[in-house]
Amino acid sequence: MKKIYSFARAIKSRIPENMDQKYLEHQQQLKQQTSKLIYQARDIQQLIEIYDNMQQHIDVSNDILKRLAKLNLKQEVLQEQQNYIQEWANQHPNLGLYFMERYQLEAVDKLLLELFRQDKVKANLKILEIVKNYGGKDDIIKWENQQEFEINGSQIQKFYHLIDNLDLSNKILTIGKYEQTLHKYIHQYDYQTIFLILKNRTFNSKVINTELINSIITRLQQLDISIQQLVDINQIIMVELEYCIPQWLKFISQQVYKFIKPIQQQEIINEEDDDYFDKVEIEAKQLGQFELQLVQLMGQLSSIFITQELHYLIMQLFSVIETHMMSFMDQLNADQQLLCYKFHSRLIETYFNESKKDTKTYAINCSKKLEMMNNQYYETTLKYLKELNFEQSTILLEAASVLGISKRKVCQKLFNIGLDGLYKAKLSKLSDDQKNYLLLAHTKLLKLFLTRKHDLVLIDKAFQDINTSLLKLEMDYGYIPFSRKQISQII
C-alpha cells in the first residue's frame, strides 16, 4: 500500500501541467490499483487511510462508498467516522443515499436533506424518512410534489409506516393514487400495515373502496390476529366505514369462538325455551382481558345497521357472546354494563325482525316469547347494576324499551332506576339544549315502565326538585323527533 502512495506522489511531481498520454496511463493504473486496495479493505479505518492518501491524486469516493455498503459495520464505528462519510456522500449524493439505506447517521441524513432541498437527490422513501425525522412543513410539501418511487409491495408497506402521524399537506393526492392498486399487494402485508392503510385512508363511509376493503378482509382471514387487533380494525371497518358483509361477520365469529368454550358456541337462544335465562348458569368467574376486549366489540356490534342477510349470523354470534358475558356482569363498571344492555336490545330486535317474515300467528307467538326472554334477562342482570347517572339511566331505559318489559317487578325496578336518574339531571354537564331534550326523552321512556298512577306524581316531584317545567320542555322541544340516533348523538 505504501508503494502505491509513493507512486502517486511521484507521478504528481514529475508530470507537467499539460498532462500527456503517459500521465493518463499512469493515472488509470493508479485507479485500478487503488480500487483493488479498496475492494480488499476489511474495515472503515483502512478505507479512511486510502482516502487520506489518495484524495489529492484521484477521486476514490465512489469506490469507497460501494465498499462501505458491503461491509457489516457497527453503528458506533460509523458514528465515530461520520465526518468522513459525510464528505464522501457530499461528493456523490446518490451513492450516499444508497449507503444510508443501510446505515443511520444523523449527520449524513441532514446532509441528504440539504441536497434534497437543492434538488440533487430524488424524492424517494429514504428522503421521506429523513424529512419526517429532521424536516419541516415545506420539506413535506416539496416531497409530496416530487415523490418518486416504485409502486410495489415492500415500497408501499414502508410508505404507510412513514406517513403514519405525518401531517401531509394533500393527503388525498399523496395517498389516493396508491389506494387504487393496493388490492394487488394486500396478500403480502402483515396486520400492522393493513391497519395503517385503513387508518390513513382517503375514502369514507359514503364512498368506499370496496375492492380494497374486500381484499383486506380476505387477507385478515389468513392472519392469526388477537381479539384486541380485531377490535381495533373493526372500529374502522364496521363503525367508521359502516361496512358489514357476511364474510366479515363470519370472521369475527370465528375469532370470538376460539376463546369461548366449545359448548358455549352452540348455546344459541331457543325461541321455544321460555326459561332460557333461568337455565343460564350465572357463576362467579374472574373477569379477564378477553372479556374487557369483548365488551369493546359488543359496543361496536351494537352500533351497526343489521340487514336481513345478517340476521342469522347476528343471532348466533350475539347469543354466544351474551351467554358468556352474563357471568361477568357483576364485575363490569356502569358503562360496560350499559354496553351489554344495548347489545341485548339489538339481539332481541333482530329476533323480532326475523320473526316477522313468518305467518302472523307465528310472529305473535314469537313476540310473546321474546318478551318473556327480555323479562328474564333484565330480572337476572339488574341485580348487578352499578349506580347510574342521568345520562346512563337514559341509555338503560332506551335499551329496555326496544321490545318492552311486561313483568311488573322488572318494570318497577327500571322505573326506580330511571326516576333516580331524573333527580341527578341537575348534575349533568350537558349544554342546556342537550339536557332539556334528553330530559324530555328520558321522561317519555320512563313512562313506558309505569306500574301505578302514583308514579306520575313521583315524576312531577322530580321535575320540581330540579326546577324544571315538563310542560315548557314539551312546548320547546316536543317538535324534535324522538329517536335512538338523536339520543346517542347527545350522550
Name the residues in the range 429-474 that are loosely packed, with under 13 Cβ neighbours inside 10 Å and closer than 19 Å to residue 490 by Cα, would you? 429, 431, 432, 433
Given (1) in a helix (DSSP H, G or I); (2) closer than 17 Å to residue 31 by Cα; (3) β-branched (Val, Ile, Thr), where does residue 58 come up short, assuming only one miss? (1)
Being among the aliphatic types (A, V, I, L, M) and open to solvent by less than 50 Å² (accessible area, probe 1.4 Å) is the filter; apply it to the range 127-142 and report the residue that is nearest to residue 174 (Cα to Cα). 140
The residue from 232, 278 that alone is at pLDDT 95 or above and either in a helix (DSSP H, G or I) or surrounded by fewer than 13 Cβ atoms within 10 Å (Cβ to Cβ) (or both) is 232
From the residues in the range 181-198 that are of a type in the set (S, T, N, Q) and over 15 Å from the mean Cα position of the chain (by Cα), which one is most open to solvent (accessible area, probe 1.4 Å)? 188
Residue list for the range 293-317, filter: within 27 Å of residue 389 (Cα to Cα) and buried (at least 16 other Cβ atoms within 10 Å of the Cβ): 293, 294, 295, 296, 297, 298, 299, 300, 301, 302, 304
Pair list, Cβ under 9 Å, 6 or more apart: the range 155-176 residue touching a residue at least 40 places away in the same chain (Cβ under 8 Å), other residue in a helix (DSSP H, G or I): 160/175; 160/178; 160/193; 160/196; 160/197; 160/199
Flagged in the range 105-123 as assigned to a loop (DSSP other than H, G, I, E, B), open to solvent by less than 30 Å² (accessible area, probe 1.4 Å) and within 16 Å of residue 143 (Cβ to Cβ), in numbering order, are 121
Residues of the range 199-216 being assigned to a helix (DSSP H, G or I) and buried (at least 18 other Cβ atoms within 10 Å of the Cβ), in sequence order, are 212, 213, 215, 216
Filter the range 475-487 for residues that are open to solvent by 100 Å² or more (accessible area, probe 1.4 Å), among the hydroxyl-bearing types (Ser, Thr, Tyr) and in a helix (DSSP H, G or I) and give the result. none
Any chance residue 446 is aliphatic (A, V, I, L, M), over 17 Å from residue 396 (Cα atoms) and assigned to a helix (DSSP H, G or I): no
When (1) part of a helix (DSSP H, G or I); (2) farther than 20 Å from residue 318 by Cα are applied to residue 370, the one that fails is (2)
Among the residues of the range 143-171, how many are open to solvent by 70 Å² or more (accessible area, probe 1.4 Å), part of a helix (DSSP H, G or I) and at pLDDT below 85? 2
What are the pairs with Cβ atoms under 6 angstrom where one residue, in the range 39-68, is open to solvent by 10 Å² or more (accessible area, probe 1.4 Å) and the other, located anywhere, is assigned to a helix (DSSP H, G or I) and modelled with pLDDT under 85? Sequence gap at least six, or different chains. 48/84; 53/5; 57/8
I'm checking my understanding of the structure. Among residues of the range 325-347 that are farther than 19 Å from residue 303 by Cβ and over 26 Å from the mean Cα position of the chain (by Cα), which one is surrounded by the most Cβ atoms within 10 Å (Cβ to Cβ)? 328
If we keep only residues of the range 246-275 that are out of contact with any Ser or Thr (no Cβ under 8 Å at 6 or more places or on another chain), assigned to a helix (DSSP H, G or I) and modelled with pLDDT under 55, then the residue farthest from residue 378 (Cα to Cα) is 262
Complete set of residues in the range 130-174 that are within 15 Å of residue 199 (Cα to Cα) and of a type in the set (Phe, Trp, Tyr): 159, 160
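The values are calculated or read from the model by the stated rules, or taken from the named source; none is laboratory data. Nothing here was measured: the structure is a model prediction, and the numbers come from that model. Note that each Cβ is placed from the backbone with ideal geometry, even for glycine, and that neighbours are counted across all protein chains shown. To get the accessible areas, we keep the full protein, side chains included, count just its heavy atoms, and leave off ligands, DNA and RNA. Shrake-Rupley method; radii C 1.70, N 1.55, O 1.52, S 1.80 Å.
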